[in-house]
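Asker: Quick one: the structure is below, questions incoming.
The values are calculated or read from the model by the stated rules, or taken from the named source; none is laboratory data. Quick caveat, the model's predicted, so the values are computed rather than measured. Note that each Cβ is placed from the backbone with ideal geometry, even for glycine, and that neighbours are counted across all protein chains shown. Accessible surface is based on the protein model in full, side chains and every heavy atom, while ligands, DNA and RNA are left aside. Shrake-Rupley method; radii C 1.70, N 1.55, O 1.52, S 1.80 Å.
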Amino acid sequence: VRVYYMAVPPFLYSRICRSLAQGGLRSETGRDRFVLEKPFGRDAQSCASLCRELASLLREDEAYRIDHYLGKELVMNVLVLRFGNAIFEAVWSRRFVERVEICCLEEVDCKGRGGYFDAYGIIRDVTQNHLAQLLALVAMEQPLSLKADDVRREKVRALRACKVLDSRDVIRGQYDGYADDSSITNKKTTTETFAA
């Protein structure tokens, strides 16, 4: 099995897949795996377009769409903490938990990735991906097993049970100095770098 890990902007996925095929680097046995790191498009329309384009190049069982944030040790340990710990199992439920606050504080700036980040912003890049995944892990019921389909099923159930945010309840802003990053071409950008 050959694994191609694509930690690149989504517009490059198809180009890379095509180039691998043209260069003779695709296996004849169909044992290639393509790991595609989020974000998977900018919105529903671009995601659907990207899916159609990739479907012409890859079989669905070859493509793995991932959120690299789920690979962080602390995030990976949430399942063990939740379901492998008898102390928490009995009280980690909506009957005993009033609210959950998830804070994502980072001390790093864009470090030359501002051009990428400016196209997505904190809500698309972090909130609707990383933090929604973390919310699902914290809020979901115990899955039948730790197999991917069972965990995904419970995460989807948890997210469907969440109240949709009203934009009037969200605070967005931009940190001072954000536009000073050399990779941001639009120095008058209004892209949010903070949300609560």
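Asker: With both partners inside the chain, how many of the DSSP beta bridges are antiparallel, as a percent to the nearest 5?
Answerer: Of those bridges, close to 20 percent are antiparallel.
Asker: I'd like to know which of Ser183, Ala132, Ile171 lies farthest towards the positive end of the charge dipole of the chain, counting +1 on Cβ of Lys and Arg and -1 on Cβ of Asp and Glu.
Answerer: Most positive-ward Cα: Ala132.
Asker: How large is the charge dipole for segment 100-168, taken about the Cα centre, if only the Cβ atoms of Lys, Arg (+1) and Asp, Glu (-1) carry charge, to the nearest 20 debye?
Answerer: Charge dipole of segment 100-168: 340 debye, to the nearest 20.
Asker: Any idea what the dipole of segment 1-102 comes to, in debye rounded to 20, about its Cα centre with Lys/Arg Cβ at +1 and Asp/Glu Cβ at -1?
Answerer: Dipole magnitude for segment 1-102 comes out near 120 debye.
Asker: Next question. For Arg42, list long-range residues whose amide hydrogen, built 1.01 Å from N in the peptide plane, is under 5 Å from its own amide hydrogen.
Answerer: Cys47
Asker: So, one more: Taking a ≥ b ≥ c as the square roots of the eigenvalues of the Cα gyration tensor of segment 103-196, is the shape rounded (a/c under 1.5), prolate (a/b larger than b/c) or oblate?
Answerer: Prolate is the answer for segment 103-196, as a/c is 1.5 or above and a/b outweighs b/c.
Asker: Can you pull the one-decimal nm distance between simple spin-label points at Arg153 and Val138, each 7 Å off the Cα toward Cβ?
Answerer: The two pseudo-label positions are separated by 2.6 nm.
Asker: What is the packing order of peptides 66-77, 157-168, 121-132, taking the mean over residues of other C-beta atoms within 10 Å and listing the highest first?
Answerer: Per-residue Cβ counts within 10 Å, averaged per peptide and sorted highest first, yield 121-132, 66-77, 157-168.
Asker: Then there is this: Using the crude model of +1 on Lys and Arg Cβ and -1 on Asp and Glu Cβ, and no other charge, please compute the dipole size for segment 46-196 relative to its Cα centre, in debye to 20.
Answerer: Dipole about the Cα centre, nearest 20: 520 debye.
Asker: Moving to a separate point now. Once neighbouring chains are kept in place and the probe is 1.4 Å, which whole percent of the accessible area of the chain is contributed by carbon and sulfur?
Answerer: Roughly 54 percent of what the probe reaches on the chain is carbon or sulfur.
Asker: Could I ask something else about it? Which is farthest toward the positive dipole end of segment 1-69 among Gly23, Leu50, Pro39, measuring Cα position about the Cα centre, with Cβ charges +1 (Lys, Arg) and -1 (Asp, Glu)?
Answerer: Projecting each Cα onto the dipole axis, the largest value belongs to Gly23.
Asker: Further question: Counting only heavy atoms of protein chains, what accessible area per residue, in Å², does the chain have with a probe of 1.4 Å?
Answerer: 70 Å²
Asker: Any lysines with Cα under 18 Å of the Lys111 Cα? List them, leaving off those in the same chain fewer than 8 positions away.
Answerer: Filter leaves Lys187.
Asker: Tell me which aspartates and glutamates have Cα within less than 16 Å of Lys155's Cα, excluding those fewer than 8 residues away on the same chain?
Answerer: Lys155 reaches Asp67, Glu141.
Asker: Moving on to the next point. Between (i) 19.8; (ii) 19.4; (iii) 16.5, which entry matches Kirkwood radius over Cα pairs in Å as derived from the coordinates of this structure?
Answerer: (ii)
Asker: How far is it, in nm, from the label point at Glu89 to the one at Ala55 when both lie 7 Å from their Cα along the line to the Cβ?
Answerer: 4.2 nm
Asker: Related question: I need the shape label for segment 41-152. Rule: rounded when a/c is under 1.5, else prolate if a/b > b/c, else oblate, with a, b, c from the alpha carbon gyration tensor.
Answerer: On the way: a/c = 2.38, a/b = 1.42, b/c = 1.68.
In terms of gyration-tensor shape, oblate.
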